[in-house]
Amino acid sequence: MLISPEKLKKILVGSGYVKEPDFDDALKSSQDQGRDVSDVLIFRGLISEDALGKIISEYLNIPYADVRRLFISTEILNLIPEKLARTYRMIPFEAKDKKIKLAMENPEDFEAIEFVKRQTGCEIEPYFARSEDISKALGQYKKNLKSDFEKIISENVKKVAPGESLEKAAEDVPVVKILNTISEYAVALRASDIHIESQAESVVIRFRIDGVLRDMFKFQKGIEEALVARIKILSNLKIDEHRIPQDGRHKFNVDDEAIALRISIIPGFYGENVVMRILRETNRPLSLEELGITGHGLMILRENCMKPHGMILVTGPTGSGKTTTLYSIMNILNTAEVKMCTIEDPIEYGMNRVTQIQVNSKTGLTFAAGLRALMRHDPDNIMVGEIRDEETAEIAIHAALTGHLVLSTLHTNTAAGAVPRLLDMGAAAFLLASTLNVVVAQRLVRKICPSCITKYTPDESIVKKISKELGDGYDKLKFYKGKGCNDCNHKGYLGRVGIYEIMPITEKLRQIIVQKPTTEQLFKEAVSEGMITMMRDGMDKIAAGLTTIEEVFRVANEE
């Protein structure tokens with residue numbers, strides 16, 4: 001970091017942003033975990049990223065640039081070559097009248113400023129940006145290079161020699177280059193998954209971006225077996241096995257970023273199909289605020305994170321970000337004073353000072369077996385990747401009863417629906433009432449692209465639907481959408497944010513749980529006690545210009 005922890009403490013404590021004991025505790029945790037103290041401060045909600053960046057820039061007497069939220073045009077990026085930008089940890093974000101605004105990790109690097117001035121012939125106006133923000137912004141150099149990637153792939157497809165053994169073809173440069181190019185492009189576009197699909201006469205490559213699949217590349221059949229073989233070799237899978245599904249994992253680096261790929265290969269009618277989940281290992285988990293948890297719900301969740309025992313459940317369908325939320329909570333709880341253990345399937349991210357166990361059904365290591373073993377490991381906090389059956393539910397509840405804080409996920413559509421689901425699994429109502437602290441239900445909505453956001457008036461039918469579901473007042477909201485531009489590939493959306501329903505278990509709700517209520521009974525009581533529904537949280541994010549009414553209706557009405 002540009003400023004030493006000692007100087008940062010003097011600035012933050014002296015300005016009243018952070019109390020001295022809180023800073024000292026965050027510093028100790030950062031040293032124990034090998035993290036930057038600023039990350040710990042942000043994670044604990046002691047200061048926001050924006051506030052921290054602005055404070056440091058004021059100390060340096062240099063303006064602050066929040067390049068996380070900027071989507072920079074190709075013309076401006078091309079003013080400085082990517083290699084130069086990465087070497088000096090800087091990125092141009094605005095240019096006008098022969099003057100370039102330059103975000104820099106170290107804006108006091110006068111040698112770099114002079115070098116860029118000579119290269120461009122422009123005046124340079126340096127801005128301060130946090131190191132992590134610079135790293136993310138540098139990824140924009142690859143966002144508009146689809147034609148370059150297509151050219152690399154098409155050229156190497158032609159070079160694949162027919163008739164070679166799979167082992168040899170998988171090691172040849174063309175196949176290696178094709179797979180590397182596909183992976184790098186997916187990372188540049190912030191894709192969460194890569195799909196390689198064998199069809200009758202072609203192979204289609206699709207990326208899942210912001211939760212939606214998009215066709216990216218298509219080429220004639222002929223190299224798919226070598227491509228799949230290459231993936232199997234990297235993932236330590238059986239290269240000669242084509243009849244059964246196989247799962248694996250491998251890692252690679254893109255620039256300074258460590259990427260893990262979680263591999264799933266299944267046999268299809270036209271050949272083997274592959275899905276690769278992209279996990280960015282160097283990314284720190286997002287704070288609760290960055291996930292989109294705000295206001296009263298944020299306060300409730302933070303209060304329950306600090307309780308020494310009980311259960312915190314996160315619910316929602318597959319792909320709704322449940323595990324991401326759990327990791328954010330774990331980062332708040334992960335201090336030198338506690339022992340934290342997890343049982344996961346799979347382990348999404350490695351965490352310092354956390355004992356993480358991977359489920360392995362072949363060896364009998366199920367969620368229940370792993371959780372039972374962890375109970376003998378003297379944990380303070382336990383994270384169970386998912387409660388799937390009666391045995392896991394029973395052990396998790398007893399762990400919460402015996403002085404542990406248990407975090408887990410459950411597949412239900414609403415927060416209130418978690419209780420009947422656990423009761424259906426065989427959980428004892430009186431034990432569940434005693435242990436459950438809070439239930440979080442969530443969905444992910446696509447965010448409006450900030451480069452092309454505009455106000456608009458929705459159809460009258462949508463306004464009527466809002467009034468019907470939420471009552472008068474919400475139909476007076478200002479509505480926004482993305483017109484579509486190069487930055488968002490003309491989709492109008494870029495990135496995702498969560499909408500949440502956070503249900504604290506009050507004394508009245510505990511009394512109702514003992515009576516084995518329906519989902520509707522619990523929901524009505526929670527709302528009467530002030531719970532913000534998912535739909536209302538979505539409306540708040542619409543009013544803030546984060547998402548569209550269509551997105552909120554699309555995901556909040558999922559049953």
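The values are calculated or read from the model by the stated rules, or taken from the named source; none is laboratory data. Bear in mind the structure is a predicted one, so any value in this text is a computation, not a measurement. Note that each Cβ is placed from the backbone with ideal geometry, even for glycine, and that neighbours are counted across all protein chains shown. For accessibility, only protein heavy atoms count, side chains too; no ligands or nucleic acids. Shrake-Rupley method; radii C 1.70, N 1.55, O 1.52, S 1.80 Å.
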Residue-ordered couplings for the range 76-84, obtained by feeding phi - 60° into the Karplus form 6.51 cos²θ - 1.76 cosθ + 1.60 and rounding to whole Hz (Gly and Pro as x), are 6, 4, 6, 5, 10, x, 4, 4, 5
For the range 386-402, Karplus-derived ³J(HN,Hα) couplings (6.51, -1.76, 1.60; θ = phi - 60°; whole Hz; x for glycine and proline) come out as 6, 8, 10, 8, 4, 5, 5, 4, 5, 5, 4, 5, 5, 5, 5, 6, 9
In whole percent, the fraction of accessible protein surface over the range 71-129 that belongs to carbon or sulfur atoms, probe radius 1.4 Å, stands at 49
In cubic angstrom per residue, the convex hull of the range 144-280 built on its Cα atoms measures 107
Over the chain, the sum of -39500 (n - 2.57) across DSSP H runs of at least four, divided by residue number and rounded to 500 deg cm²/dmol, gives at 222 nm -12000 deg cm²/dmol
Quarter of the surface of the C-alpha convex hull for the range 5-139, i.e. direction-averaged projected area in nm², equals 8.5
Diffing the range 209-214: the Karplus 3J(HN,Hα) column from phi (6.51, -1.76, 1.60, θ = phi - 60°), in whole Hz with x for Gly and Pro, holds 10, 6, x, 10, 6, 9
So the compactness index of the range 241-319, its C-alpha Rg divided by 2.2 N^0.38 Å, takes the value 1.65
Distance in Å, no decimals, from the C-alpha centre of the range 509-537 to the one of the range 186-241 is 44
Flagged as over-length at 21 Å C-alpha distance, from K478/K541; K478/K524; K99/K136, the pairs are K478/K524; K99/K136
Taking 34-45, 481-492 and ranking on average Cβ neighbours within 10 Å, highest first, one gets 34-45, 481-492
Note to self: C-alpha centroids of the range 397-419 and the range 22-78 sit apart, in Å, by 33
If amide H atoms are modeled at 1.01 Å from N in the peptide plane, then the residues at a separation of 5 or more from K491, or on another chain, having amide H under 5 Å from its own are C485
Per the beta carbon screen (other Cys under 4.7 Å), unpartnered cysteines of the chain come out as C122, C305, C341
Expected sort for 13-19, 180-186, 111-117 on mean C-beta neighbours within 10 Å, highest first, is 180-186, 111-117, 13-19
Computed over the chain, protein heavy atoms only, probe 1.4 angstrom, the accessible area per residue in square angstrom equals 46
Expressed as a percent, the portion of alpha-carbon pairs in the chain spaced more than 43 Å apart is 25
Per principal axis, largest first, the Cα atoms of the range 352-442 extend in Å by 32, 29, 25
